[in-house]
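J.: Encoded as structure tokens, here's the structure I'll be asking about.
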Amino acid sequence: MNVLFKGFKRKVSEELQQGGGRIQTGKSPMTYGLYRKINLYYLKEKTFESIWARAFLTLTWNLMCRATNTCSVHLHHMEWCDDSLGVFFAHAKNDQCGEKKRDPRHIYANSIDPVVCPFIAMGAYLSTHNITGLKDSHLFPGTNQYFRFSKCLSEIMKKYEVEIKKDFGIDVKNIGVHSIRKGASSYVSGGSTCAPPQVATNLRAGWSMGGVQDTYLRYEAAGDQYVGRVVSGLPISSPKFAVLPPQLDCSVGTADEIVQLFFPGLPTSLYCAGKYFAASILYSFDKLKQYMHPSNPLLSAIFCTSSKLEDFQRCSYQKYAWACDLENGLPSQEPALASIPERVPPITKAMGIPSHVLLLADMQRVINSQQSLITKIQKAIKDEFDQREVGHSSLVIQEEMKNLIGQFENKVINEINQLKSAYSGGSGNGSPIGNIIPELQSGGCDGGRWYYWGEKFRRVPIEWSMPQMTLRGAFHRYFLLDAKNEICAMRHFHACDVANIKNGKRIISSLHHLMKFMVNELKKKTSSMITLPKSNLI
């Protein structure tokens, strides 16, 4: 039998190699990119079911558990732990009798990428679904919740099948509910060279490690917290990995008012977590609206229709667990504390932070301090030069230069007006350079005006375009003034006057040649000399 089955296996392997079937067995793991994309698809939907499915998806991913365990989570199985949400399991596949120590699995907010933030997904679910825990204490009450989510997942995958296959090269038939657990575990274990300890990953995923598990390989909160931060999607190679969840500073109303507005009927055991769910939504609300469908039920929730929504948004803030703000290198500033009726005690310490993130934070501080020092040096040098009036950059020198330029402009204008008066017998109107000024009679432009643009005086304004004319109209326009628009006869036009018009130079040249031909023909056909306007062509 051994030899027989060995031959069967070899034959099956050869057939697979020849393309006779699917190489992988079971469902394919869901990559982090696909997980984020599915969250985005759910945000674009406009049904309550999409909000429910997104909450179920993010909770299953972050717990790295089987979907059946997600279905069995009760409201009293969750509690707030320092800077994270702790979820307890009393029964698991590798602990059928519940004999092992019951430790929480820590779930962290991801305000850097609100699309995958479990706090936002849970907050959206609790604010749009009437979850009170009075009749049924399940987080996802109802029967057959596993099949309900399986149906939701298959529908969204089928709806965007072409896009998923194009972006990820994955056949949606190979993605199922168990792909979430596979994908989350693979992402935590192999997503980075500084991945969390394998023991912590195995314990969170509920994988058996033999008899040594309780004796030598024990649960440690720091290890699970590290896993929780990684699986939430926080950037492990950035100092932002140590970001704290968005928090409330209740300058408008109270924390009770905000929680009641967001989650009416929320059980008291989840009140503390509700504050951070609400803060996460408020902090990223504007960014979320860019992804959400306009008819998304969350936009019709009670808090969205409140007149205090913008004030509540200003109450939410985010900070890092450092004395220095990593965004701009300045000391982190909390909201003003004056005249605040109630202030939620702030979180000051981030849990589950590996040592390499501390080094990255120190390096970021050094970079920020150097950039700040360069800015200060530049400002000090500039101020010193301004004080010594070096480079004419001081305000006094600038004002003097403006006055000199103004005097020069006035002088030029006066001289132009004097020339105009000398030739026409009138007086100038003193119009400024850069605007329309009267035509100099010495230019011979028949009462047209000069227009200044492109650092030159021209016979037409910059917005002028070549009019559509008949042959008769062209003849009249060539020799006569356009009095309405104060543009001289076109016989005075030069190529520079129409430099802004496409093929303007060629058009003017052709017009000159045409009119010269017409004048010559007119001279031949008239017996007596006629009087025509003076032109360079006659």
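The values are calculated or read from the model by the stated rules, or taken from the named source; none is laboratory data. It should be emphasised that the depicted structure is a prediction, and the values quoted were computed from it without experimental measurement. So basically every Cβ, Gly included, is an ideal-geometry build from the backbone, and we count neighbours across all protein chains shown.
J.: Out of the residues in the stretch 112-137 that are among the hydroxyl-bearing types (S, T, Y) and in a loop (DSSP other than H, G, I, E, B), which is surrounded by the fewest Cβ atoms within 10 Å (Cβ to Cβ)? Outline the logic, then answer.
T.: Going residue by residue through the stretch 112-137, those that are among the hydroxyl-bearing types (S, T, Y) are 125, 127-128, 132, 137.
The next check asks that each one be in a loop (DSSP other than H, G, I, E, B); those that pass are 132, 137.
Numbers: T132: 14, S137: 16.
Residue satisfying both the conditions and the ranking: T132.
Residues are listed down the side, and each one gets a yes or a no for (1) closer than 19 Å to K151 by Cα; (2) at pLDDT 90 or above; (3) in contact with a helix residue (DSSP H, G or I) (Cβ under 7 Å, 6 or more places away or on another chain):
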{"position": "F8", "(1), (2), (3)": "no, no, no"}
{"position": "Q18", "(1), (2), (3)": "no, no, no"}
{"position": "Y32", "(1), (2), (3)": "no, yes, yes"}
{"position": "I38", "(1), (2), (3)": "yes, yes, yes"}
{"position": "Y41", "(1), (2), (3)": "yes, yes, yes"}
{"position": "K46", "(1), (2), (3)": "yes, no, no"}
{"position": "C71", "(1), (2), (3)": "yes, yes, yes"}
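J.: Residue check, C250 against (1) over 22 Å from D103 (Cα atoms); (2) in contact with an Asp or Glu (Cβ under 9 Å, 6 or more places away or on another chain); (3) assigned to a loop (DSSP other than H, G, I, E, B); (4) at pLDDT 85 or above, all met but one. Which one?
T.: The one condition C250 does not meet is (4).
J.: Condition first: at pLDDT below 90, assigned to a loop (DSSP other than H, G, I, E, B) and out of contact with any Asp or Glu (no Cβ under 6 Å at 6 or more places or on another chain). Now tell me which residues in the stretch 206-235 satisfy that.
T.: Scanning the stretch 206-235 gives G206, W207, S208, M209, G210, G211, Y216, L217, R218, E220.
J.: Let me ask something else about it. For the structure I just gave you, tell me whether S510 is polar (S, T, N, Q) and at pLDDT below 85. Walk me through it before giving the result.
T.: Values: polar (S, T, N, Q): yes; at pLDDT below 85: no.
Taking the combined requirement at face value, the residue does not satisfy it.
J.: Checking the condition in contact with a Pro (Cβ under 9 Å, 6 or more places away or on another chain) and modelled with pLDDT of 75 or more, which residue from Q378, Q364 passes? If you could, list the steps in order and put the result at the bottom.
T.: Values: Q378 fails: in contact with a Pro (Cβ under 9 Å, 6 or more places away or on another chain).
On inspection, the qualifying residue turns out to be Q364.
J.: Separate question: When C324 is evaluated against the numbered criteria (1) under 30 Å from A195 (Cβ atoms); (2) modelled with pLDDT of 70 or more, which criterion, by number, is the only one it fails?
T.: (2)
J.: Now a separate question. For the stretch 73-84, which positions are touching a strand residue (DSSP E or B) at 6+ places or on another chain (Cβ under 8 Å) and either of a type outside the set (A, V, I, L, M, F, W, C) or modelled with pLDDT of 95 or more (or both)? It would help to see each step written out before you state the result.
T.: Of the stretch 73-84, the ones touching a strand residue (DSSP E or B) at 6+ places or on another chain (Cβ under 8 Å) are 73-75, 77-81, 84.
Within the stretch 73-84, H74, H77, E79, S84 meet the criteria.
J.: When the residues of the stretch 252-272 are filtered to those that are among the polar types (S, T, N, Q) and under 21 Å from C81 (Cα atoms), which remaining residue is surrounded by the most Cβ atoms within 10 Å (Cβ to Cβ)? First the steps, then the outcome.
T.: Step one: filter the stretch 252-272 for residues among the polar types (S, T, N, Q), giving 254, 260, 268-269.
Remaining after also requiring under 21 Å from C81 (Cα atoms): 268-269.
On the way: T268: 8, S269: 15.
Top of the filtered list is S269.
J.: For the stretch 140-168, enumerate the residues that are part of a helix (DSSP H, G or I), of a type in the set (A, V, I, L, M, F, W, C) and closer than 20 Å to T58 by Cβ.
T.: Residues of the stretch 140-168 that are part of a helix (DSSP H, G or I), as a first pass: 145-159, 161-168.
Filter again for of a type in the set (A, V, I, L, M, F, W, C), leaving 147, 149, 152-153, 156-157, 162, 164, 168.
The answer is F147, F149, C152, L153, I156, M157, I164, F168.
J.: With the checklist (1) touching a strand residue (DSSP E or B) at 6+ places or on another chain (Cβ under 8 Å); (2) touching a residue at least 60 places away in the same chain (Cβ under 8 Å) in hand, flag the one item N368 doesn't pass.
T.: (2)
J.: Which residues, taken from the stretch 264-296, are assigned to a loop (DSSP other than H, G, I, E, B), under 28 Å from the mean Cα position of the chain (by Cα) and not hydroxyl-bearing (S, T, Y)?
T.: So the first thing to find is which residues in the stretch 264-296 are assigned to a loop (DSSP other than H, G, I, E, B), and the list is 264-267, 284, 292-296.
Imposing the further condition that a residue be under 28 Å from the mean Cα position of the chain (by Cα) reduces the set to 284, 292-296.
Across the stretch 264-296, the qualifying residues are M292, H293, P294, N296.
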